[in-house]
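A short reminder: the numbers here are calculations on the coordinates, not readings from a lab. Please read all numbers here as calculations on a predicted model, not as lab measurements. Please note: Cβ atoms are built from the backbone with ideal geometry, for glycine as well, and neighbour counts cover all protein chains shown.
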Amino acid sequence: MGRIVIEISRYMIIICMAVYTIQCFAVFRFSNEYDRKGIYLRQNFFMVVIHFAGFISLYARDGDIRYFRAYLIQQLGVLAILVAYKLIYPRANALVINNMCMLITIGLLILTRISYDRAMRQFYIVMGSVAVTLIVPYIISHIRFFEKFKWVYVFVGIGSLAAVLLFSTVINGSKLNIHIASYTFQPSEYVKIIFVFAIASILARKHGMREILISAAVAAVHVILLVASRDLGSAIIFFVVYFAMLYAATKNILYYLMGFAAGAAGAYVGYRMFSHVRVRVTAFLDPIGNITDAGYQISQSLFAIGTGGWLGMGIGQGAPSTIPVVSADFIFAAICEELGVVFGMCLVLLCLSCFVMFMNIAMKFEDPFFKLVALGLAVAYIFQVFLTIGGVIKFIPLTGVTLPFVSYGGTSVAVTCCVFAVIQGLYISKGKDNARPHPKPGDFKTENLNIMELE
């Protein structure tokens with residue numbers, strides 16, 4: 001009986017995820033939030049079904065009553081996030097909220113399967129992070145002088161990364177975390193947001209040679225500090241974000257090409273300088289040939305994805321514990337093993353729909369500062385997704401970054417909540433008329449009102 005429940009749940013999860021993903025792109029057929037309401041409600045329904053079916057599978061496998069308690073707590077928490085955003089920010093972008101909650105749901109589900117205690121710890125971190133960042137959209141949408149603090153952003157960002165280099169301990173070849181009492185956090189995560197604000201404030205109004213050189217120097221110091229700490233995954237993200245923002249500000253393709261050339265040169269230097277980079281490249285080139293040492297992680301990841309196939313083995317039927325660091329760096333492999341490659345592809349498309357919406361919001365702005373902020377955060381988000389999933393599937397060498405909202409990690413979750421909250425604030429500040437329906441033909445008053453608002 002338990003096996004039947006698991007099989008039915010497996011197909012139900014895949015179908016619901018596929019339909020949810022289609023709805024993510026269907027919203028772009030409509031120009032305002034009012035016309036998208038039906039799509040958003042259907043997404044909420046599929047989100048609840050996926051979560052319920054996953055936990056039914058876990059209970060059918062083990063018969064552990066704790067799963068019912070975890071399900072109720074997590075489901076009420078996710079619904080609380082949806083309701084809180086709806087009540088506090090009725091003009092917020094519902095696709096961004098839904099996708100955030102869906103990613104949180106997927107992460108909590110697969111983490112519960114891997115480690116019940118870690119999943120519950122992640123849940124409390126998520127709820128605390130969302131509660132704290134609920135004020136961020138209000139701040140972003142009501143305060144207009146963020147651009148004036150460019151040197152504050154620069155010094156805080158550089159100071160935080162310098163503190164990691166000086167005071168952090170080496171773990172797995174890198175300096176990543178700062179320990180204060182019993183708390184551990186990764187400063188490079190929140191510095192990503194500060195860095196975007198810094199570069200946007202430097203390049204927003206003027207982008208002559210002076211501003212370009214200043215921004216390049218600021219970006220170079222951030223990247224050098226990260227490389228010195230051997231946090232190469234974050235260094236790559238900062239590097240790509242800078243050149244994307246530089247190109248958006250100047251519209252000069254030459255800078256983009258220079259970025260590619262500098263990136264290639266930097267990758268070669270990093271390969272020569274750091275032994276753990278050479279190990280990762282060796283694992284990337286021939287994981288099976290080095291399966292007993294350097295290639296073990298990526299080999300186990302590929303075995304898991306191949307074992308799961310298109311439709312997965314079902315929640316609780318795989319062996320994710322055979323993959324080292326599975327709850328953080330390799331969470332995508334565990335998802336593909338138990339939920340299938342189809343589900344994994346839908347997850348990638350879900351993240352891509354977030355990026356498309358972020359870019360859509362960026363294009364709405366005439367103010368160059370907020371346009372660059374939205375673009376920078378969008379690129380930082382999607383490139384981190386690319387690095388994580390690309391490393392897991394052996395498309396690129398491993399970089400050691402997490403999958404936002406899905407992987408286990410307190411700082412990553414908190415910072416991603418803040419990124420999504422900033423985007424919401426930008427959307428609210430620019431799209432206050434999006435929640436209103438289009439005027440009906442012949443409705444003179446409504447049409448006149450709409451024309452006045454557009455002007």
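List of remarks:
- Axial C-alpha extent at least 20 Å, average Kyte-Doolittle at least 0.5 - helices from the chain (DSSP): 2-26, 37-62, 66-88, 94-114, 150-167, 187-203, 209-228, 232-250, 253-273, 341-363, 368-392, 410-430
- Both the radius of gyration and Dmax for region 322-390 are 15.1, 51 Å, in that order, over alpha-carbon atoms.
- At most 16 other Cβ within 10 Å, DSSP loop - trypsin sites (Lys or Arg not before Pro), region 127-172: R144
- Förster radius 30 Å - calculated FRET efficiency between V348 and D293, Cβ distance, rounded to 0.05: 0.50
- Rounded Å value of the spacing that divides the Cα centres of region 406-430 and region 1-18: 31
- A DSSP coil position with no more than 11 other Cβ atoms inside 10 Å describes the following GluC sites (Glu not before Pro) in region 291-389: E366.
- Residue separation of A163 and L87 scaled by 0.36 nm, minus their Cα-Cα distance, works out to 23.4 nm of gained length.
- Multiplying the residue separation of K148 and L285 by 0.36 nm and removing their Cα-Cα distance gives an extension gain of 44.6 nm.
- Take every Cα pair under 8 Å whose residues are at least 6 apart in sequence, average their separation, divide by the length of region 2-432, and the relative contact order is 22 percent.
- Legend: residue pairs K192/K371; K148/K251; K206/K364, Cα-Cα distance threshold 18 Å; pairs beyond threshold, K148/K251; K206/K364.
- Taking packing as the residue-averaged number of other Cβ atoms within 10 angstrom, the listed peptides 205-212, 5-12 run from highest to lowest as 5-12, 205-212.
- Distance from region 268-291 to region 30-88 (C-alpha centre basis), Å: 41
- Counting only DSSP H runs of at least 4 residues, each contributing -39500 (n - 2.57), and dividing by the residue count of the chain, the helix-based mean residue ellipticity at 222 nm comes to -24500 deg cm²/dmol.
- Three-way shape call for the chain based on the alpha-carbon gyration tensor, with the a/c threshold at 1.5: oblate
- Residue order for V241, V342, fewest other beta carbons within 10 angstrom first, comes to V342, V241.
- In a fully extended conformation the segment linking M209 and L72 would gain 43.6 nm over its present Cα-Cα distance, using 0.36 nm per residue.
- Loop-resident sites, region 278-332, for chymotrypsin sites (Phe, Trp or Tyr not before Pro), counting at most 14 other Cβ within 10 Å (DSSP): W310
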